[in-house]
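Participant: This is the structure I want to talk about, given as structure tokens.
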Amino acid sequence: MVVGPDGVRTGSALLAADSADRAAELELSQESADLAGDLERRRASFEAKMAAMRAEFEVDEAQAKRLLDTSEEAAAAAQANRREQERRRSSKPEAHGVMSTPAEPPDSEGTPTPDRLHLTLFISGASPASAWAVRRLCDRHARSGYDLRIVDIYKEPEEVYSRGLLAVPTLIKELPLPVNVLIGDFTNEPQVLAALGLPTPRDD
């Protein structure tokens with residue numbers, strides 16, 4: 001290496017210094033390029049992952065929307081079905097809940113028969129014996145005939161509330177007036193007949 005006056009490099013020293021500077025610049029440039037490439041690859045990978053997550057979210061969102069729509073349609077259909085059943089129940093009583101019998105004709109002397117009985121019997125679903133006892137008495141003693149409506153408190157709770165019932169079985173004589181209410185045991189025949197306004201058979 002040759003150094004000139006005042007320590008200034010000359011000749012091969014100058015060439016060597018220039019070569020070293022260029023090598024350092026190239027190395028720095030390569031590092032910058034490598035760093036930029038690495039950042040670009042990371043950015044591309046991140047965007048691909050985000051796109052995949054967005055697509056998956058959109059699929060899940062679409063499925064959830066379909067399920068929600070299906071649930072709402074099913075709920076609306078069920079509600080409409082319940083309303084229709086309630087409308088049918090309110091507009092027409094169940095056939096098995098009403099029993100009617102014809103009245104007997106007046107006797108030969110023209111004596112008028114008592115008014116026809118209109119009865120409502122409130123029971124729980126598991127107490128058919130009460131209905132049987134009332135029908136048995138009415139069949140034997142209601143000469144004018146009777147209409148017996150049987151109400152299951154579990155199927156028609158709104159009527160139970162509107163009537164203010166406190167216990168079952170409960171038998172209500174609606175007509176002829178006055179209204180009379182009998183609660184509990186219907187096996188006491190004289191008591192039931194008196195509540196219904198029917199004559200009590202006399203012992204011969």
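A short reminder: the numbers here are calculations on the coordinates, not readings from a lab. Because the structure is predicted, anything quoted here is derived from the model rather than measured. Cβ sites come from the backbone with ideal geometry, for glycine too, and all protein chains shown count toward neighbours.
Participant: Would you grab the residues whose amide H sits under 5 Å from the one on E174? Only those 5+ places off in sequence or on another chain, please, with H modelled 1.01 Å from N.
Facilitator: H118, L119, T120
Participant: Per residue of segment 71-76, in order, report the coupling 6.51 cos²θ - 1.76 cosθ + 1.60 (Karplus, θ = phi - 60°) as ³J(HN,Hα) in whole Hz, putting x for Gly and Pro.
Facilitator: Using θ = phi - 60°, the values come out as 5, 5, 5, 5, 5, 5 Hz.
Participant: Using 0.36 nm times the number of residues separating A16 and E61, minus their current alpha carbon distance, what extension gain do you get?
Facilitator: 9.5 nm
Participant: Then there's this: Between T187 and M53, how many nm apart are label points set 7 Å from Cα along the C-beta direction?
Facilitator: 7.7
Participant: A further question on this structure: What does the extension gain come out to for E27 and E73, with contour length at 0.36 nm per residue minus their alpha carbon separation?
Facilitator: Separation in residues times 0.36 nm, less the Cα-Cα distance, equals 9.7 nm.
Participant: Continuing with this model, one more query. Starting with the highest mean, order 143-150, 189-196 by the number of other Cβ atoms within 10 Å, averaged over the residues of each peptide. Display every interim value, and only then the final one.
Facilitator: On the way: 143-150: 18.5, 189-196: 16.1.
The packing order, highest mean first, is 143-150, 189-196.
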